[in-house]
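*Asks:* The structure is given below, and queries will be raised subsequently.
The values are calculated or read from the model by the stated rules, or taken from the named source; none is laboratory data. Computed from a predicted structure; not experimentally measured. Quick reminder, even Gly has a Cβ in these numbers, built from the backbone with ideal geometry, and neighbours come from all protein chains shown.
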Amino acid sequence: MWYIDGGKVELALSEVWLQNMTWEDFQSRMTDSSGIVIVPVGSTEQHGRHLPLGSDTFVAMAIAEEAAKKTGAVVAPPLWYGWSPHHTVLPGTITIRPEILVELVYDVMQSLAAYECKSVILLNGHRIVNIAWLQIAAERAQRVLGLRVKIFDPAYMSRDIADELGFGQVGHAEEIESSHMWYCHPELYHVDKVLDYVPESSKFHKIDPRLAGDTLCYVPLTREGMRQSVDCGKGVSGSPSRASVEKGKAYHEHLVNRLTEVIELIRE
């Protein structure tokens, strides 16, 4: 909960977004919020037949909104694009080169740093594919701009609850992403188009942060490498049929609570 003058304040969702503020509002909020800004970063890419192309961005926005409402942090306009070369195998995917994304996110943080922003939380909705270039941008912002930068990734920040909810391995448009989107945006969830496809596991290839065991580092597949996923699962890797609104709610609330804790730790 956000404290001002000794009292608890909970903002309306429309009040947390930078783009909804005047410059005077933003200036005031930088003082009141201890200079903390959340930047949601997602993607626009295929998510099977049952989820919208913007799923990664929608969930990043939802987590950021709820945590900002509780803490008074400001949420910057989301970045709707990520690094998605492998998903261009299906229509609608837009991929941006990581070297461009580094510069874009760095420029966002450089702009914020000029206006009393002291800490930035890069909230990644696009999982491991975005992390490498976010780390590069974050390191430079800390070294050059003097910002404190944290990368908040739901896959890493849900290891305590994923097994409890009975989630399978991280894939793509699987039960984890499906449950989360079903809860956050039921109007965009096409339950009648759900299709499971669980590919055979490959030795030394694990992308789920929960899994133990030796593994090679992740490299996005080629378009050709994605063909089997398209032919068999229409872009899905996992079991979205196991998704539920209830699981999505518990998962979402866990992430919002964790982000709220991170913000309070930064304040301290």
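*Asks:* Can Leu195 be described as outside any loop (DSSP other than H, G, I, E, B), of a type outside the set (D, E, K, R) and either modelled with pLDDT of 95 or more or on the phi > 0 side of the Ramachandran plot (or both)? Steps first, answer last, please.
*Replies:* Details: outside any loop (DSSP other than H, G, I, E, B): no; of a type outside the set (D, E, K, R): yes; either modelled with pLDDT of 95 or more or on the phi > 0 side of the Ramachandran plot (or both): yes.
So Leu195 fails the test.
*Asks:* Looking only at the stretch 188-205, count every residue that is in contact (Cβ under 8 Å) with a residue 12 or more places away in the chain and within 12 Å of Gln169 (Cα to Cα) and tell me the total.
*Replies:* Number satisfying all stated conditions: 2.
*Asks:* Give the residue that is nearest to Leu211 (Cα to Cα), with candidates limited to residues of the stretch 171-193 that are buried (at least 22 other Cβ atoms within 10 Å of the Cβ) and among the aliphatic types (A, V, I, L, M).
*Replies:* Ile176
*Asks:* Pairs, please: C-beta under 7 Å, at least 6 apart or cross-chain, first residue farther than 19 Å from Pro52 by Cα and among the aliphatic types (A, V, I, L, M) and in the stretch 220-237, second buried (at least 17 other Cβ atoms within 10 Å of the Cβ) and at pLDDT 90 or above?
*Replies:* As it stands, the answer is Leu221/His86, since those pairs meet every condition given.
*Asks:* Something else now. Pick from Tyr183, Tyr156: which is part of a loop (DSSP other than H, G, I, E, B), of a type in the set (Ser, Thr, Tyr) and in contact (Cβ under 8 Å) with a residue 12 or more places away in the chain?
*Replies:* Values: Tyr183 fails: part of a loop (DSSP other than H, G, I, E, B).
So the residue among Tyr183, Tyr156 that is part of a loop (DSSP other than H, G, I, E, B), of a type in the set (Ser, Thr, Tyr) and in contact (Cβ under 8 Å) with a residue 12 or more places away in the chain is Tyr156.
*Asks:* Output yes when any residue across the stretch 93-116 is part of a loop (DSSP other than H, G, I, E, B), touching a strand residue (DSSP E or B) at 6+ places or on another chain (Cβ under 8 Å) and not β-branched (Val, Ile, Thr), and no when none is. Walk me through how you get there before you give the answer.
*Replies:* Of the stretch 93-116, the ones part of a loop (DSSP other than H, G, I, E, B) are 93, 96-97, 114-116.
With touching a strand residue (DSSP E or B) at 6+ places or on another chain (Cβ under 8 Å) added as a condition, the list becomes 93, 96.
Pick out the ones that are also not β-branched (Val, Ile, Thr) and you get none.
Among the residues of the stretch 93-116, not one is part of a loop (DSSP other than H, G, I, E, B), touching a strand residue (DSSP E or B) at 6+ places or on another chain (Cβ under 8 Å) and not β-branched (Val, Ile, Thr), which makes the answer no.
*Asks:* So which residues in the stretch 108-134 are free of Cβ contacts under 8 Å to residues at least 40 places away in the same chain and not β-branched (Val, Ile, Thr)?
*Replies:* Pass one, the stretch 108-134, residues free of Cβ contacts under 8 Å to residues at least 40 places away in the same chain: 110-111, 113-114, 131-132.
Gln110, Ser111, Ala113, Ala114, Ala132, listed by residue number.
*Asks:* Would you point out the residue of the stretch 214-264, among those that are among the polar types (S, T, N, Q) and within 23 Å of Gly82 (Cβ to Cβ), that is surrounded by the most Cβ atoms within 10 Å (Cβ to Cβ)?
*Replies:* The initial filter retains those residues of the stretch 214-264 that are among the polar types (S, T, N, Q), namely 215, 222, 228-229, 237, 239, 241, 244, 257, 260.
Retained after the next criterion (residues that are within 23 Å of Gly82 (Cβ to Cβ)): 215, 222, 228-229, 237.
Values: Thr215: 14, Thr222: 11, Gln228: 14, Ser229: 24, Ser237: 22.
Within the stretch 214-264, the match that is surrounded by the most Cβ atoms within 10 Å (Cβ to Cβ) is Ser229.
*Asks:* Now for a separate question. Condition (residue is in contact with a Cys (Cβ under 7 Å, 6 or more places away or on another chain), crowded, with 23+ Cβ neighbours inside 10 Å and of a type in the set (Val, Ile, Thr)) applied to the stretch 60-81: is it met by at least one residue?
*Replies:* Taking the stretch 60-81 and keeping what is in contact with a Cys (Cβ under 7 Å, 6 or more places away or on another chain), we get 62.
Next, only the ones that are crowded, with 23+ Cβ neighbours inside 10 Å stay: none.
Checked the stretch 60-81: no residue is in contact with a Cys (Cβ under 7 Å, 6 or more places away or on another chain), crowded, with 23+ Cβ neighbours inside 10 Å and of a type in the set (Val, Ile, Thr).
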